[in-house]
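Take a look at the structure below.
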Protein chains: 2
Amino acid sequence: MGINERKEREKAEREQRIIGAARMLAEKDGWTAVTVRRLAQEIEYSQPVLYAHFENRDAIVGAVALEGFGELGPVLRASVRRGASPAEAMEDVAMAYLEFAFKRPALYEAMFVLPSGLRFAKSDTPQSLRDTFRAMMAVVEPFCANAEVATEAFWATLHGLAELERHGRIRAALRKERVTHIVDMLARRS
Amino acid sequence: MGINERKEREKAEREQRIIGAARMLAEKDGWTAVTVRRLAQEIEYSQPVLYAHFENRDAIVGAVALEGFGELGPVLRASVRRGASPAEAMEDVAMAYLEFAFKRPALYEAMFVLPSGLRFAKSDTPQSLRDTFRAMMAVVEPFCANAEVATEAFWATLHGLAELERHGRIRAALRKERVTHIVDMLARRS
DNA sequence: TTAATAAGTCTAGCAGCGCTAGATTGTCAC
DNA sequence: GTGACAATCTAGCGCTGCTAGACTTATTAA
């Protein structure tokens with residue numbers, strides 16, 4: 001009975017269209033512009049249909065966030081130049097992380113700032129987020145005994161840099177200098 | 001003519017009551033619970049009165065944020081133990097910053113996360129925020145050549161730790177360990 | 001003292017939001 | 001064809017930020 005399969009396929013496609021529309025609208029006009037009404041209009045269905053796919057608006061944000069996690073890990077891994085020293089690798093990852101945050105601010109916001117209904121540091125943490133964490137850990141490990149704690153701290157630093165710069169609290173022009181400073185601090189042998 | 005002065009005094013008092021109500025409501029039920037209607041009810045005036053004090057809701061958030069900046073600087077300065085070494089001083093400030101963020105999450109959110117209409121790193125940066133920045137710079141300076149960049153990075157790290165922990169992205173139980181790790185990194189002589 | 005003006009405040013309402021109950025339409029097995 | 005079920009829509013609730021225009025009170029001028 002291929003009919004049900006077709007229906008499921010169509011449903012999955014529609015769900016993807018919702019997520020795509022949310023992401024597009026968010027990047028274009030910010031997350032406040034992403035309303036259920038507008039998404040419904042975008043996919044050419046009535047409003048209640050969206051609630052057959054997602055429990056509420058937050059769940060839509062969460063779905064976009066999940067997409068983001070799927071992209072960030074590979075971006076970080078690919079950012080390390082061939083033959084880079086451990087310190088250079090760390091700098092590459094740091095800069096790639098920040099570039100990701102600023103090239104896709106709405107995506108980044110969904111992943112790390114907005115309520116998205118996603119759970120972390122628990123057993124149900126998405127695999128893609130684990131991968132992202134591991135990508136960061138890989139460049140921290142060579143310099144730190146307790147790699148998990150050090151990675152959490154490294155990640156926090158990057159997130160803080162992204163957020164403070166995004167809100168205009170620190171000067172965007174000095175991004176590279178700050179990263180260099182941080183890598184200098186972390187990567188020098190004690 | 002003391003009448004106008006009395007009126008100005010009353011207006012200032014009412015403004016303070018609005019800010020106080022906003023802060024109280026935010027700490028109790030989160031910022032989404034802080035609606036103009038509820039604030040109006042709280043100060044026992046009708047809704048439009050609030051718009052004689054603040055341009056819009058964001059401006060109210062901004063006023064609360066400004067209060068927060070007035071408190072954070074002194075908190076950081078007071079946190080350094082007597083006779084603390086430079087490294088210990090840095091750790092004191094870091095822990096005090098995080099405790100501030102977690103004891104007054106709504107206040108912290110107003111200061112650093114929510115749109116508040118405040119401008120930073122510009123000529124019109126509030127004096128209290130400058131003071132806060134200087135309090136952080138004071139403990140970073142002993143270890144870094146370029147104190148401004150280093151302080152921005154230090155601040156970003158603290159902010160990132162606060163935010164990731166607040167959102168459950170990193171384990172709250174390891175807060176102290178992360179801070180110790182960071183101070184170890186920054187405070188060792190190169 | 002009274003009339004005109006100004007300041008202060010309120011009522012009522014707009015357009016938009018997230019979300020949902022209940023009606024309606026379309027699709028299928030029999 | 002018909003009844004059952006799923007898919008979808010219309011219409012609406014209670015909330016939001018914000019504001020126009022009415023009204024009431026205070027201040028000034030004649």
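Values quoted throughout were computed directly from the atomic coordinates according to the rules given, and no laboratory measurement underlies them. These numbers come from a predicted model, not from an experiment. Cβ atoms come from the backbone with ideal geometry, glycine included; neighbour counts cover every protein chain shown.
Results, tabulated for the structure shown:
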quantity: Per DSSP, loop chymotrypsin sites (Phe, Trp or Tyr not before Pro) in segment B:7-100 with at most 16 further Cβ within 10 Å; calculated: B:Tyr45
quantity: Segment B:30-138: GluC sites (Glu not before Pro) falling in loop per DSSP and having at most 13 other Cβ within 10 Å; calculated: B:Glu44, B:Glu55
quantity: Evaluated at q = 0.13, 0.22 Å⁻¹: base-10 log I(q)/I(0), Debye formula over Cα of segment B:56-187; calculated: -0.53, -1.43
quantity: Sorted peptide list for A:169-179, B:176-186, B:151-161, criterion being average Cβ within 10 angstrom, highest first; calculated: B:151-161, B:176-186, A:169-179
quantity: Loop-resident sites, segment B:36-106, for trypsin sites (Lys or Arg not before Pro), counting at most 12 other Cβ within 10 Å (DSSP); calculated: B:Arg81, B:Arg82
quantity: Cβ neighbours within 10 Å from other chains - mean over B:134-146; calculated: 1
quantity: Proximal charge balance of A:Asn146 [Cβ under 12 Å; K/R count +1, D/E count -1]; calculated: -4
quantity: Net charge contributed by nearby residues that have their C-beta within less than 9 Å of B:Ile43 (K/R +1, D/E -1); calculated: 0
quantity: 15 Å beta-carbon shell around B:Ala21, net charge (K/R +1, D/E -1); calculated: 0
quantity: ³J(HN,Hα) computed for each position of segment B:36-50 - Karplus, 6.51 cos²θ - 1.76 cosθ + 1.60, integer Hz, glycine/proline x; calculated: 4, 4, 5, 4, 4, 4, 4, 8, 6, 10, 7, 3, x, 4, 4
quantity: Hull volume in cubic angstrom per residue (convex hull over the Cα atoms of the protein assembly as shown); calculated: 180 Å³
quantity: In degrees, nearest ten, helix A:147-166 long axis to first principal axis of chain A (Cα); calculated: 70 degrees
quantity: Average other protein chain Cβ within 10 Å of Cβ, residues B:171-183; calculated: 4
quantity: Relative exposure of A:Met24, B:Met111, judged by other C-beta atoms within 10 Å (fewest first); calculated: A:Met24, B:Met111
quantity: MRE, 222 nm, helices only [DSSP H, n ≥ 4, -39500 (n - 2.57), over chain B, to nearest 500]; calculated: -24000 deg cm²/dmol
quantity: Other-copy label distances relative to A:Pro86, 7 angstrom Cα-Cβ extension, nm; calculated: 2.5
quantity: Teacher prompt: B:Lys11 distances to equivalent labels in other copies, 7 Å Cα→Cβ, nm; calculated: 6.0
